[in-house]
Amino acid sequence: MFAKRLAVLMERSVRRFPAESRALGMGRSMIALAQASILIFTPASYLFVPVGGAEIEVDCSTPVQAVSVYCLAGSADRQLLNLLVLALLLIVASGILPRYTTVLHFWASLSIGQSISLPDGGDAVAQVVTFFLLLACANDKRRWHWQKSNSEEGKGSIWQGLAWAGWWGVRLQVAYIYLNSALAKLPVDQWAEGSATYYVARMENFGAAGLFADLFRWATGITLIALLSAWGTIFAEGLIAFFLLRRGSWQAVAATISASLHVLIILQIGIISFGFIMVGAVICAASRGIDSSAPRWKSLLSRTRSSTRGSHSSVPTDPEPAGKTDAVTLGA
């Protein structure tokens, strides 16, 4: 009886799943642009670090590594291959034909993650997320992922089931990443006692940098701020994982917390591409909640604007001074 009920609920969930999502498209574009920034601002000589004066050899020993762009065209100039991968990522970011460009996105993500010698963590996340996006976009028939969904075709097809399963894969994987990150910090003394961000801001090669470096060093020198930033990071990561597994607007809240957290990290220590890959991954995982919440936000915003305009228009104007005729009439 329970199994039958569960099957009915799953079938209903699959049929209601919005396979064509603007929010999912926005997440895909953000991930692709973040990956593209690595290739735009980092020359091949830094991505493939030379050892002993000789160019490092790309490892192509496993079947997964062998399908990388850098293995399939091993004799080509690596800067030229970087431009090829960059072109693939920009095509993906444009949003054209999402059902098919997910294949290009996964190939580009796999090539970066498996071949470059200086990973930053975001490349591993992108590999996993873009794999599940292969499935999540399987029933997206739009020409452009910024278009509004206007088709009910294929709701009962196998592609719809694959899309639902792919989105759940993204959702569970991203929630696990944040939960694992939060739990992994708890046994570490610096995080447990609340001094982690103090030390991170002062690391020689990975500390606070850029315009706000002095500000963050000063702020983390204040005990209360250091405690709040360290424990707040753990708390925020736990909330993101928890809210991603909730329904509706809670998923949108998870995306908001993720964006706020990673913007602060970017301002403090950089790692821009990693931050935007993570935010894009959370947007993909929370896409269903964002899509369902968007009409309510739009309606609330329009009502707020209308009430603001109404309050301005309802302000009484100064009365005009009475003329001579009015004075006579009033006196009479």
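The values are calculated or read from the model by the stated rules, or taken from the named source; none is laboratory data. No experiment lies behind these values; they were computed from the predicted model shown. Quick reminder, even Gly has a Cβ in these numbers, built from the backbone with ideal geometry, and neighbours come from all protein chains shown. The accessibility values were calculated without ligands, DNA or RNA, using every heavy atom of the protein model including side chains. Shrake-Rupley method; radii C 1.70, N 1.55, O 1.52, S 1.80 Å.
Within the chain, what whole-number % of the accessible surface is contributed by carbon and sulfur, with the 1.4 Å probe and all protein chains included in the calculation?
Accessible surface attributable to carbon and sulfur in the chain totals 66 percent.
If you take every residue apart from Gly95 with its C-beta less than 10 Å away from the C-beta of Gly95, what net charge results, scoring Lys and Arg +1 and Asp and Glu -1?
Charge balance in the 10 Å sphere: +4.
Per residue of the chain, what 222 nm ellipticity follows from adding -39500 (n - 2.57) for every DSSP H run with n ≥ 4, rounded to the nearest 500?
Calculated mean residue ellipticity at 222 nm is -23000 deg cm²/dmol.
Does the chain come out rounded, prolate or oblate by the C-alpha gyration tensor, with a ≥ b ≥ c the root eigenvalues, rounded set by a/c under 1.5 and, if not, prolate when a/b is larger than b/c and oblate if not?
prolate
Of Trp144, Trp191, which has the most accessible area with a 1.4 Å probe, and how do the rest follow in descending order?
The ranking, largest first, comes out as Trp144, Trp191.
What does the accessible area per residue of the chain come to in Å², with a 1.4 Å probe and no ligands, DNA or RNA counted?
That works out to 57 Å² per residue.
Can you tell me the orientation of helix 158-185 relative to the chain, as the angle in degrees between its alpha-carbon axis and the longest Cα principal axis, to the nearest 10?
That helix lies at roughly 90 degrees to the long axis.
Set Lys and Arg Cβ to +1 and Asp and Glu Cβ to -1, take the dipole of the chain about its Cα centre, and tell me which of Phe216, Ile240, Ser115 lies farthest positive.
Farthest towards the positive end: Ile240.
With springs only between Cα atoms under 10 Å apart, run a GNM on the chain and tell me which of Thr101, Thr304, Thr62 wobbles the most.
Maximum among the listed residues: Thr304.
Let me check against my output: what whole-number percent is the relative contact order of the chain, with C-alpha pairs under 8 Å and at least 6 apart?
Answer for the chain is 22 percent.
Given springs between every Cα pair under 10 Å in a Gaussian network model of the chain, which of Asp140, Asp123, Asp59 has the largest fluctuation?
So, out of Asp140, Asp123, Asp59, the one fluctuating most is Asp59.
Would you mind checking which residues have amide H under 5 Å from Ile96's amide H? H placed 1.01 Å from N; only 5 or more apart, or other chain.
For Ile96, the qualifying residues are His145.
Could you bin all the Cα-Cα distances of region 127-274 into 5 Å bins starting at 0 and give me the percent of pairs in each, rounded to whole numbers?
Computed distribution, short to long bins: 2, 9, 13, 16, 17, 13, 9, 7, 6, 5, 3, 0.
Strictly under 4.7 angstrom between C-beta atoms: which cysteines of the chain have no such partner?
Singleton cysteines: Cys137, Cys284.
What does the charge count near Ser115 come to, summing +1 for each Lys or Arg and -1 for each Asp or Glu among other residues with Cβ under 12 Å from its Cβ?
Summing Lys/Arg as +1 and Asp/Glu as -1 gives -2.
About the Cα centre of the chain, what is the dipole size in debye to 20, counting +1 per Lys and Arg Cβ and -1 per Asp and Glu Cβ, all else neutral?
In debye, rounded to 20, the chain gives about 1640.
If you take all C-alpha pairs in region 182-222, what percent of them are over 12 Å apart?
Of all Cα-Cα distances in region 182-222, 60 percent exceed 12 Å.
Give the longest segment of the chain that steers clear of GluC sites (Glu not before Pro) in DSSP loops with at most 14 neighbouring Cβ atoms within 10 Å, not counting the sites themselves.
Longest site-free region, per DSSP loop and neighbour criteria: 205-332.
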